[in-house]
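Below: one structure, written as structure tokens.
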Amino acid sequence: MIKKLVLVFIAVFAIQSYAQEGSASPYSFYGIGSLKFKGSVETRSMGGLGVYKDSIHINFQNPATYGGNNLETFNNESRPVKFTVGGSHTSTKLSTDDSNAKTNSTTFDYLALAFPVGKFGFGFGLIPYSSVGYELETRDNADNVDYRYSGEGGLNKAFLSMGYQISNSFSVGVAMDYDFGNIQNNTLNVLYNEDGEPLQYYTEENNRSDLSGLNFNIGLHYQKMISPKLELQSSFTYAPQVNLTSQNERTISTIDVNSGQTNQIEVDLKANNLKETELTLPSKLSIGSGIGQPRKWFAGVEYTTQNTSEFFNPLYENVGATFEDATKISLGGFYIPEYNSFSDGWKRVTYRAGMRFENTGLVINNQSIKEFGMSFGVGIPVGVWFSNANLGLEFGQRGTTNANLVKENFINFQLSLSLNDRWFTKKKYN
């Protein structure tokens, strides 16, 4: 087991070493950036469906899925310890009414471990939750560059989850997240004289917010055979509204274009009660259900709503955007030809597919920014070092070209490695 974990950490280091900015979306300019984490590769391959609970994969969406009974199928043995690591590569085409551009980003997505203790189950890990990464510019009536904007950073989550199996059908759980990270924004103002010629001096504003705080996610899960072959699974999660502490800095600079010299002053945010502010993360609720044949197939639907209209940070009140409540509908499922086949390994492959329809809650120029994704994936048993490798592919679109906005067409490739093993198992033979 130790050798397997060492190989996992080598894989994580390789992913992080290769990683670029986590986002290249102009929409990451707003709020805490673009939502980076949307579930494990397995759930994202099913349209983000977080309803299903099984014994070999970690369900990040619902902490209740960590609890469970021993496995009757395997001589009443304890559920396995589960370890997973994932990363993704995204290629995006940005389109406006009169121009196009392409961007790419490769990122580490999550690292997690879950283990059983009787009917309890515990899990912990690290998730890069949101990402800021953009370079934008605006032009005046003479088509000269007026402002240049850039940003980087994002929000991370270190989580601890606990689930408990109350009965054979019903389990509950709670997850505690420690949110941390920083967001940096830069605005450069290019100045011109009456003849449209650039002046010698530009002005620049730099903002940095260091974020930290705790939030919670409560989960319920129901799982019951409703016929000799069909099983019903239902899921409910709720995360209450929380406030993160935001420690803020702002500097104003004058740049001499000819010499490159910079004269910088620090803005006294404390005088305006902006040195330390609270960033409101709105509450979130999801409910879903599905039906299927255990170890054969499953199909389900999930609805998620978030009170994004409550999002607020007084440091960024005038950013040219508003927020409305966000919603998402996920549809998806999987199929396994023959899970216990020993003669043909491809019959044990899990085939996944799904789609999602999302209103992100961001409103710019009176346009609601919406997102659509269609996903496919496979789970491949790989033997010796890992229990399985999960690959996912998603095609999607975000935004619109209406009202001088940007439409994003993206292709997202995801990879996760899962490891399952049993620890502290008593030897049956000496």
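The values are calculated or read from the model by the stated rules, or taken from the named source; none is laboratory data. In this text, all values refer to a predicted model and were calculated from it rather than measured experimentally. Cβ atoms come from the backbone with ideal geometry, glycine included; neighbour counts cover every protein chain shown. Accessible surface is based on the protein model in full, side chains and every heavy atom, while ligands, DNA and RNA are left aside. Shrake-Rupley method; radii C 1.70, N 1.55, O 1.52, S 1.80 Å.
A compact table of results
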{"item": "Computed over the chain: relative contact order in percent, which uses C-alpha pairs under 8 Å that are six or more apart", "result": "17"}
{"item": "Dipole in debye (nearest 20) - the range 41-168, about Cα centre, beta carbon charges: Lys, Arg +1; Asp, Glu -1", "result": "700"}
{"item": "Helix 2-18 axis, angle to the chain major axis (alpha carbon atoms, nearest 10°)", "result": "20"}
{"item": "Length released on extending from Phe413 to Asp268, taking residue separation times 0.36 nm less the Cα-Cα span", "result": "47.7 nm"}
{"item": "Exposed chymotrypsin sites (Phe, Trp or Tyr not before Pro) absent: longest stretch of the chain, with sites in DSSP loops and at most 16 other Cβ within 10 Å deemed exposed", "result": "1-338"}
{"item": "Per residue, the convex hull volume that the Cα atoms of the range 223-266 enclose (Å³)", "result": "157"}
{"item": "Where the Cα pairs of the range 234-362 fall when distances are cut into 10 Å bins, in %", "result": "11, 22, 20, 17, 14, 10, 6, 0"}
{"item": "With every protein chain in place, the range 126-266: carbon and sulfur % of accessible area (1.4 Å)", "result": "51"}
{"item": "Hull volume in cubic angstrom per residue (convex hull over the Cα atoms of the range 369-421)", "result": "73"}
{"item": "Fully extended contour minus Cα-Cα distance, from Asn365 to Ala101, at 0.36 nm per residue", "result": "92.9 nm"}
{"item": "10 Å Cβ shell holding at most 12 others, DSSP loop, trypsin sites (Lys or Arg not before Pro): longest site-free stretch of the chain", "result": "1-228"}
{"item": "Kirkwood estimate for the range 183-295, i.e. one over the average of 1/r between Cα atoms, Å", "result": "19.3"}
{"item": "Rounded to whole Hz, the Karplus (6.51, -1.76, 1.60) HN-Hα couplings of the range 111-128, x for glycine and proline", "result": "8, 8, 9, 10, 9, x, 9, x, 7, 7, x, 10, x, 8, x, 10, 9, x"}
{"item": "Check: the range 209-289 dipole with +1 on Lys, Arg Cβ and -1 on Asp, Glu Cβ, in debye", "result": "620"}
{"item": "Descending semi-axes in Å of the range 111-240, equivalent ellipsoid built from Cα gyration tensor", "result": "53, 17, 10"}
{"item": "Cβ-placed point charges (K, R +1; D, E -1), dipole of the chain about Cα centre in debye, nearest 20", "result": "3240"}
{"item": "Cα-Cα pairs of the range 355-396 separated by more than 15 Å (percent)", "result": "61"}
{"item": "Positive-pole candidate from Ala175, Tyr147, Asn409, dipole of the chain, charges at beta carbon", "result": "Ala175"}
{"item": "Pairwise centroid distance, computed over Cα atoms, of the range 302-376 with the range 187-211, Å", "result": "37"}
{"item": "Helix-only [θ]222 nm of the chain, DSSP H runs n ≥ 4, -39500 (n - 2.57) each, per residue, nearest 500", "result": "-1500 deg cm²/dmol"}
{"item": "Rounded accessible area per residue of the chain, 1.4 Å, Å²", "result": "51"}
{"item": "Convex hull volume per residue in cubic angstrom - Cα atoms of the range 255-310", "result": "248"}
{"item": "Shape parameters for the chain, alpha-carbon atoms, Rg then Dmax in Å", "result": "24.1, 91"}
{"item": "Kirkwood Rh in Å, taken over the range 69-166 so that all alpha-carbon pairs contribute", "result": "17.9"}
{"item": "Farthest positive-ward along the chain dipole, Cα basis, beta-carbon charges - from Gln165, Asn258, Leu279", "result": "Gln165"}
{"item": "Percentage relative contact order, the range 237-393, counting C-alpha pairs under 8 Å, at least six apart", "result": "15"}
